[in-house]
Amino acid sequence: MTNGQKATQPITGSFTTNDGVELRYVESGSGAPLVLVHGWSHSAKLFEAQLSSLSDRYRVLALDLRGHGFSDKPIHGMRLSRMAKDLHEFLTALDLDEAIILGHGMGAAVLWSYWDLFGSDRIAKLIFVDQSPFATANPTMTEAEMKLAGSNFDLKTLYSEVNGIAGVNGGAVTYALIRGMTSKTTPRAIVDAIVLQDFRLPRPLAAKLLYNWATHDWRDTIPRITVPALVVGGKDSPVPFESQLWIRDQIKGAQAEIFEVNEGGSHFMFMENPEKFNDLVARFIG
């Protein structure tokens, strides 16, 4: 902490990747490092409830991935492997060891890419929040296989979303996509807050990243994870909750929690029901 700031007051910092991209982050508190990695097109700002609530016992850090939030917006590197490399450089630059890392949505896929590249280096525990192991279905897959894989796109739908986001109506397509990821009872203010952050990532870059993220199949990586893991899903999310239970079953000793519809169990359960979510995370970390 600097300038006499209280542990619960977020401070902002930055670091520069090996390819010259400045990435911003916010942090609050002290103790074991808890690193929060946001999802596709979002930003660290969506984790405000976690930064304020969990910083009384942990050093909570939320990173804006490249292109997102207040980080630099290069036209290169809109892929999971580069973002996994960025995350590893972030942990190294801040000398964060034995970190607990939480990935929401695409952020969980960044963690799977990280594991593929760096294994358990600097990691103590992992938390995966509502991410499909394989988002885009193979046409040969059965309905049951698609649920276990979490496949909520087919190729036609994926290209429609990608081209729509990159097109002249990209804002409207983005809003519809986020509205479909939140609960029907979610206040308009929460949806607007999410979409506002989404627009900080230029829509052509968002479209490029969506395609890269949605065409990865992580079902051979997930069973190789060897650190304690928590998997969180929601019954009101477009990501089939069965896929979250599948992830749990692939990782030895992993835990899972599925938020019910009446618990704000959407893709954004950490915003819709932060009290339960934060308590769940704290009990897992210990």
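Within the stretch 195-214, the set of residues being touching a Phe, Trp or Tyr at 6+ places or on another chain (Cβ under 9 Å), surrounded by fewer than 21 Cβ atoms within 10 Å (Cβ to Cβ) and either not in a loop (DSSP other than H, G, I, E, B) or not charged (D, E, K, R) (or both) comprises V195, Y211. Counting the residues of the stretch 134-161 that are touching a Ser or Thr at 6+ places or on another chain (Cβ under 8 Å), crowded, with 17+ Cβ neighbours inside 10 Å and not polar (S, T, N, Q) gives 9. Could you please find all residues in the stretch 166-189 being charged (D, E, K, R) and outside any helix (DSSP H, G or I)? Within the stretch 166-189, K184 is the sole residue that qualifies.
Being within 21 Å of the chain's Cα centre (by Cα), within 27 Å of P204 (Cβ to Cβ) and either small (G, A, S) or part of a loop (DSSP other than H, G, I, E, B) (or both) is the filter here, so list the residues in the stretch 148-160 that pass it.
First pass over the stretch 148-160, keeping only residues within 21 Å of the chain's Cα centre (by Cα): 148-153, 158.
Next cut, within 27 Å of P204 (Cβ to Cβ) only: 150-153, 158.
Those that are within 21 Å of the chain's Cα centre (by Cα), within 27 Å of P204 (Cβ to Cβ) and either small (G, A, S) or part of a loop (DSSP other than H, G, I, E, B) (or both): G150, S151, N152.
Of all the numbered requirements in (1) outside any helix (DSSP H, G or I); (2) of a type outside the set (A, V, I, L, M, F, W, C); (3) out of contact with any strand residue (DSSP E or B) (no Cβ under 6 Å at 6 or more places or on another chain), D192 misses one, and that requirement is (1).
Looking at the stretch 46-103, which of its residues are of a type in the set (V, I, T) and either in a helix (DSSP H, G or I) or without any contact (Cβ under 8 Å) to a residue 24 or more places away in the chain (or both)? Outline the logic, then answer.
Filtering the stretch 46-103 for residues of a type in the set (V, I, T) gives 60, 75, 92, 100-101.
Residue satisfying the conditions is T92 alone.
A count restricted to the stretch 1-38 and to residues that are among the β-branched types (V, I, T), at pLDDT 95 or above and surrounded by fewer than 16 Cβ atoms within 10 Å (Cβ to Cβ) stands at 1. When G164 is tested against (1) crowded, with 19+ Cβ neighbours inside 10 Å; (2) touching a helix residue (DSSP H, G or I) at 6+ places or on another chain (Cβ under 8 Å); (3) of a type in the set (G, A, S), just one condition goes unmet, and that condition is (1). Among the residues of the stretch 232-276, those identified as in contact with a Gly (Cβ under 9 Å, 6 or more places away or on another chain), without any contact (Cβ under 8 Å) to a residue 60 or more places away in the chain and farther than 20 Å from M146 by Cβ are E257, F259, E260, E263, N273, K276.
Look through V168, V129 and report the one residue that is β-branched (V, I, T) and touching a residue at least 40 places away in the same chain (Cβ under 8 Å).
V129
Just need a number here: residues in the stretch 122-147 that are out of contact with any His (no Cβ under 6 Å at 6 or more places or on another chain) and outside any loop (DSSP other than H, G, I, E, B). If you could, list the steps in order and put the result at the bottom.
Residues of the stretch 122-147 out of contact with any His (no Cβ under 6 Å at 6 or more places or on another chain): 122-128, 131-147.
Okay, now just the ones that are also outside any loop (DSSP other than H, G, I, E, B), so 123-128, 134, 136, 143-147.
Adding up the residues that qualify gives 13.
Residue-by-condition table, conditions (1) in contact with a strand residue (DSSP E or B) (Cβ under 6 Å, 6 or more places away or on another chain); (2) assigned to a loop (DSSP other than H, G, I, E, B):
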residue	(1), (2)
L230	yes, no
D236	no, yes
E242	no, no
R248	yes, no
I258	yes, no
H267	no, yes
E275	no, no
N278	no, no
V281	no, no
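The values are calculated or read from the model by the stated rules, or taken from the named source; none is laboratory data. Everything numeric here is computed off the predicted structure, so don't read it as measured data. Every residue, glycine as well, gets a Cβ built from its backbone with ideal geometry; the counts of neighbours run over all protein chains shown.
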